[in-house]
Structure formats: C-alpha cells, structure tokens
Amino acid sequence: MRKLLLSAIVALSPFTAFSQGVPNGWNDPFPPHKIMDNMYYVGTKELASFLFVTPQGNILMNSNYDSSVPMIKASVEKLGFKFSDIKILIAGHAHPDHVGGDNAVKELTGAQVVVGRVDEAKTKDFHPEGKEHPIDRLVDDGDTVTLGGTTLTAHIMPGHTRGCLAWSTTLKEEGKSYYTFIECSLNGQFVQTLDQYPGILDDFRATYKKALTFPAELWVSSHASFYNMAAKYEKLQKRGPGDPNPFVDPEGYKAHVAQYEKSFEAALANPAPARGGGRGQGKGKQ
Ligand SMILES: [Zn+2]
C-alpha cells in the first residue's frame, strides 16, 4: 500500500492533499453523459473514463483507482447499460489513477485488458495488494482495438509516462463525422515528480509537436480538468437544436497543447519546489 501511495502522487503538485490515497475530490461522482454517437463519459469528477457502446459489447477506457470502479459501474448503469457488457478495457498510461482499477473491472466483467507495451512493466506496479495486474493484450503505436464496428487506434505520446497512449476514432452526429482524439496526458508541469528515464525531456518536446499533427475535432483527456469537462457539460445541458456539440473544440485542443508545452518548459526553467532534496521529502509527506 505504501508503494501505491507514493506512486499515486506522480504528476501532482507537491501540495496536493490526499484522502485514502486519492487526491481530494478526484473520486467525487459526476453525472454520466453522452459525448457523441456511441461514446459516453462514465468517470468521476476528475478522473475520466469513457464507454463505447457497440452491438457486440462495450469498450471501457480507464479504470482509474481501484476505489473509483464502483462509481464507474454506477455511471454505466445510470445510462442504462450493463457493466458486465464491457468486453475490452483499454488504458492510457501507467499511473494508479488510470489503471489502478483494472483488477476490479476484470473481476466484474471478464473484459480483455489492453495496455501499451512500453508501459507494461510500470502498469504491473498498480494492483490491489496480493493481486497480479491482469494484462491480456499489449499494443504498440498504430495498433487498433475493434469491437462491434468501433475501432480505436493507439498513438504513443511519450513523456508523462514513457509509453503514454492516446487513442483516436471517428464519431458521427447528424450526418457529420468528427475526428475524435482521447488524449493520454501532456502534463509536464511537475516533470520532476514523474518517473525519470533517459530522454524524457526530448520525448516531451517531441510529443507536444506530435500532438499538433492530429486533426482533433472532438477531444477529451484522461483528466476532466484537462479538457474543461465541467464547463462543456454545462453547455451540453443547455444545448438546443442547432447548437454545436461543446466537445467539438479544435481550437481549444490547440490551445491546450500550447498551454501544457508552456507549463512544461516553465517547470524546467524554474524547478522549485519539487526538485532535489525537496522532491524526496515532498513524496514522503504525501
Ligand atoms: Zn498520469
């Protein structure tokens, strides 16, 4: 458990407060909602999980913390779907707030658990005590996951973790198709607290460039706050006939990439307080 707690702070501010290993508020419930077509939000207030509903069963992205799974299940059921219809679970990156619930989802659904090959070893660090992380399939850049007419393509976006995976697909609404991009994480604003590996800084810089090569129209991310989910949900509630889908936000995507590139470079230029002696102490405190 100690190891999980320490690992749980990766990518967080050194000042984040925790409750039972979860940053305060991250596991609070949030209304599940349809994003577009067969894609739904079933995550918590901060930890994003997405459900793709198909005639041959459903795909879930991100199990979040082990303690998030009951909330994800409740959200799936609130939308009128069965949790046991989840056939495939896909991951973004090997941090406990995104893959810590894989065991619980596997136990409840029997779903095939798909993770990125580069993040495999790290992913195995996250599991409830005494259990082994259930990995069924490893994917590389460009590999696809297909079920019931829905295909998701993996894109490696290294930096936040070495094997960070974004996923893309195409969704339709009122006769139009939208390139849909599910970000991994571009968060390097606390880069000194991430797992360091040779080339991490070059990877981050290349990933910010690569991020702009995707023609993202509809976009979401692993954390609700990364894509202003709450504000977009508000707009969704008020959406009238003819109003645009608030999750279609290509300019917001470009601004997001620019913002995170800037905060990453700022963290490198001004590393206090998370670096050096402070880094270890900061981890210990949380
Ligand atoms: Zn992360």
- Item | Karplus-derived 3J(HN,Hα), 6.51/-1.76/1.60, for each residue of the stretch 115-128, Hz, glycine and proline x | 10, x, 4, 5, 8, 4, 4, 5, 4, 5, 5, 10, 6, x
- Message: Once ligands and nucleic acids are excluded and a 1.4 Å probe is used, how much of Ile156 is accessible, expressed in Å² to the nearest 10?
- Response: 40 Å²
- Which of Phe247, Phe181, Phe18 moves most in a GNM of the chain, Cα contacts under 10 Å? Phe18
- Going from most exposed to least, what order do Glu46, Glu174 have by accessible area with a 1.4 Å probe? Glu174, Glu46
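Protein chains only, probe 1.4 Å: how do Tyr208, Tyr40 rank by accessible area, largest first? Please report the intermediate quantities before stating the final value.
Values: Tyr208 0, Tyr40 35 Å².
Ranked from most to least accessible, the order is Tyr40, Tyr208.
What relative contact order, as a whole-number percentage, does the stretch 39-78 give when Cα pairs under 8 Å and 6 or more residues apart are counted? Intermediate values should be presented prior to the final figure.
Working: 49 pairs, mean separation 14.2, N = 40.
Dividing the mean separation by the residue count of the stretch 39-78 yields 35 percent.
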- Rough spin-label spacing in nm, given labels placed 7 Å along Cα→Cβ, for Lys82 and Ala231: 4.1 nm
- Query: Of Leu147, Leu212, Leu165, which has the most accessible area and how do the rest follow, probe 1.4 Å?
  - Reply: Leu212, Leu147, Leu165
- Task: At 0.36 nm per residue, minus the direct Cα-Cα distance, what do Lys209 and Asp140 gain on full extension? Give it in nm, one decimal, please.
- Result: 22.9 nm
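Taking Cα pairs under 8 Å and at least six residues apart, what relative contact order does the chain come out at, in percent?
Reported as a whole number, the value is 16 percent.
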- Message: Give me the percent of accessible area attributable to carbon and sulfur for the chain, probe 1.4 angstrom.
- Response: 52 percent
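How high is the relative contact order of the stretch 134-187? Use alpha-carbon pairs under 8 Å, at least six apart in sequence, and give a whole percent. Walk me through the numbers on the way to the answer.
Working: 81 pairs, mean separation 13.0, N = 54.
Relative contact order of the stretch 134-187: 24 percent.
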- Message: What is the sum of charges, Lys and Arg at +1 and Asp and Glu at -1, for the other residues whose Cβ falls under 13 Å from the Cβ of Gly159?
- Response: -3
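About the Cα centre of the chain, what is the dipole size in debye to 20, counting +1 per Lys and Arg Cβ and -1 per Asp and Glu Cβ, all else neutral?
Working: 30 positive and 31 negative charges, 95 e Å.
The calculation lands at about 460 debye.
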- Near-label residues of the stretch 86-102 by backbone N, under 15 Å of a point 7 Å along Cα→Cβ of Gln20: 101
- Note on the structure: Once amide hydrogens are built 1.01 Å from N within the peptide plane, the residues lying 5 or more places from Ala48 or on another chain with amide H under 5 Å from its amide H are His223, Ala224
- Charge tally for neighbours of Gly25 with beta carbon under 12 Å away, counting Lys, Arg as +1 and Asp, Glu as -1, is -1
- Note on the structure: Once phi for every residue in the stretch 93-101 is put through the Karplus expression 6.51 cos²θ - 1.76 cosθ + 1.60 (θ = phi - 60°), the whole-Hz ³J(HN,Hα) values, with Gly and Pro written as x, are 8, 7, 10, x, 7, 10, 10, x, x
- Among DSSP beta bridges whose residues both lie in the chain, state the antiparallel percentage, nearest 5. 70 percent
- Too-long pairs where the Cα-Cα distance tops 18 Å, listed order kept, from Lys82/Lys172; Lys209/Lys262; Lys34/Lys82; Lys34/Lys172; Lys73/Lys238; Lys45/Lys87: Lys82/Lys172; Lys73/Lys238; Lys45/Lys87
- Task: Determine how large the accessible area of Arg137 is when every protein chain is in place; take a 1.4 Å probe and give Å² rounded to the nearest 10.
- Result: 70 Å²
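The values are calculated or read from the model by the stated rules, or taken from the named source; none is laboratory data. All figures in this text were calculated on a predicted structure; none of them were measured in a lab. Neighbour counts are summed over all protein chains in view; Cβ atoms, including those assigned to glycine, are modelled from backbone coordinates with ideal geometry. For the accessible areas, the whole protein counts, side chains as well, though only heavy atoms, and no ligand, DNA or RNA atoms are used. Shrake-Rupley method; radii C 1.70, N 1.55, O 1.52, S 1.80 Å.
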